[in-house]
Amino acid sequence: SLDDPGTVLEAIVRRARSLLGTDVAYLTLADPERGDTYMRATSGSVSARFQELRLPRGAGLGGLVAQTKRPYWTADYPADARYRHTSEIDAAVGEEGLIAICGIPLLVDGEFVGVLFAANRTPRPFGREEVALLGSFAALAAVSLVQTRRAAETAQALAALEQAHVAIAQAAAAHDRFSRVVLGGGDVTDLAAALGELLGCWVAVLDADDQRIAVHGAAPPATPGRDRLADAPAVRRCGTTGRLTSADGLWAVAVAAAGQRLGTIVLGGIDALDEGSGRTVERAAMVTALVLLFGMRAADAEQRVRTDLLAELLARRGAGAPDRAL
């Protein structure tokens with residue numbers, strides 16, 4: 001009936017101490033990064049030093065349980081030479097006054113995750129029935145940890161799905177805005193302004209020759225000849241990868257269509273771009289590529305018309321004075 005995992009583990013430790021009739025019961029959990037175990041829950045403990053104790057793998061009774069994944073118990077731990085005693089462990093155990101100790105490993109799918117202990121402040125042998133009972137509590141604690149892990153994984157997956165949904169929604173809204181700009185007769189300058197307003201940053205658009213053709217906001221001033229932004233690490237890197245990249249506080253994405261690089265969008269004045277903002281920038285690059293491509297094709301068509309007209313006029317030379325005047 002307990003929903004909080006921490007409360008469940010504390011309840012297991014209390015019940016284990018009560019049913020086994022020991023002075024103390026405690027549970028340690030594995031720390032994969034440090035390679036030891038730390039105290040997670042205690043019942044009957046009076047020593048602050050003991051409650052903060054960490055057990056290295058192989059050291060003490062608990063360390064041996066963690067190393068071998070097998071239960072161990074002793075009626076007189078301080079005098080038991082089977083275990084590798086350390087000054088830190090012996091001092092904490094001595095301050096708590098523990099003599100008899102029994103430790104059972106907590107296993108999740110064969111993976112070691114912790115140890116459940118029952119201990120007495122006087123010499124006491126642990127019978128096999130008591131060890132088995134403590135093992136049942138350890139199995140219950142392991143189940144609780146499995147549920148906690150799965151709940152955390154589920155929550156993480158749901159959060160990732162929600163974040164992805166928000167990112168897609170943001171990108172779709174941005175795409176709609178870019179589409180309205182284009183359908184309304186807007187050009188690259190209008191697209192740069194729309195992108196800058198959406199993200200709250202400055203935007204500069206470079207063409208295929210690295211000349212600035214549009215700007216919005218407080219972008220660095222353009223320089224004669226090759227634009228200074230063309231040599232920014234983010235711009236050079238995105239030209240190689242073709243994806244949105246960042247370096248030195250700048251963000252850049254290549255503008256390309258039909259396998260041809262048409263330019264680059266550069267952003268600045270923004271600390272970071274989340275997934276949704278990144279999708280927005282990439283949508284802006286796609287729409288900008290279409291606008292530039294359409295412009296290039298329109299220019300090509302106009303040039304063909306001019307060429308055909310000139311060719312026709314030149315072909316009619318010598319046909320008479322009126323034609324020559326024409």
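Tabulated results
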quantity: Per residue value of the accessible surface for the chain (all protein chains in place, 1.4 Å probe), Å²; calculated: 54 Å²
quantity: Stokes-Einstein diffusion coefficient of the range 63-138, Kirkwood radius over Cα pairs, 10 °C, 1.306 mPa s, in µm²/s; calculated: 124 µm²/s
quantity: HN-Hα J in Hz across the range 125-137 - Karplus 6.51, -1.76, 1.60, θ = phi - 60°, x for Gly and Pro; calculated: x, 9, x, 5, 5, 5, 5, 5, 5, 5, x, 5, 5
quantity: log₁₀ of I(q)/I(0) at q = 0.15, 0.23 Å⁻¹ - the range 11-113, Debye sum with one point per alpha carbon; calculated: -0.57, -1.48
quantity: Sites Glu95 and Ala132 - FRET efficiency at Förster radius 30 Å, r taken between beta-carbons, to 0.05; calculated: 0.50
quantity: Taking the C-alpha atoms of the chain, convex hull volume expressed per residue in Å³; calculated: 216 Å³
quantity: Relative contact order of the chain, defined on C-alpha pairs under 8 angstrom at six or more residues apart (%); calculated: 11 percent
quantity: Debye-sum result for the range 1-60 in log10 I(q)/I(0), which assumes one identical scatterer on each alpha carbon, at q = 0.28 Å⁻¹; calculated: -1.14
quantity: Förster radius 45 Å - calculated FRET efficiency between Asp187 and Ala159 (Cβ-Cβ, nearest 0.05); calculated: 0.70
quantity: Residue with peak Gaussian network fluctuation, the chain [Cα springs, cutoff 10 Å], from Val143, Val305, Val115; calculated: Val305
quantity: Scattering profile of the range 187-326 at q = 0.08, 0.14 Å⁻¹ [log10 I(q)/I(0), Debye over alpha-carbon scatterers]; calculated: -0.30, -0.63
quantity: Farthest toward positive dipole pole in the chain [+1 Lys/Arg, -1 Asp/Glu at C-beta], among Ala25, Ala141, Leu314; calculated: Leu314
quantity: Kirkwood hydrodynamic radius (C-alpha pairs) into Stokes-Einstein, the range 95-205, 37 °C and 0.692 mPa s, D in µm²/s; calculated: 166 µm²/s
quantity: Sparsely packed GluC sites (Glu not before Pro) within the range 46-150, loop by DSSP, other Cβ within 10 Å at most 14; calculated: Glu52
quantity: Principal axis dimensions, the range 94-152 - Cα atoms, whole angstrom, descending; calculated: 40, 28, 14
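The values are calculated or read from the model by the stated rules, or taken from the named source; none is laboratory data. Computed from a predicted model, the values in this text were never measured in an experiment. Cβ sites come from the backbone with ideal geometry, for glycine too, and all protein chains shown count toward neighbours. In case anyone asks, the SASA skips ligands and DNA or RNA and just uses the protein heavy atoms, side chains included. Shrake-Rupley method; radii C 1.70, N 1.55, O 1.52, S 1.80 Å.
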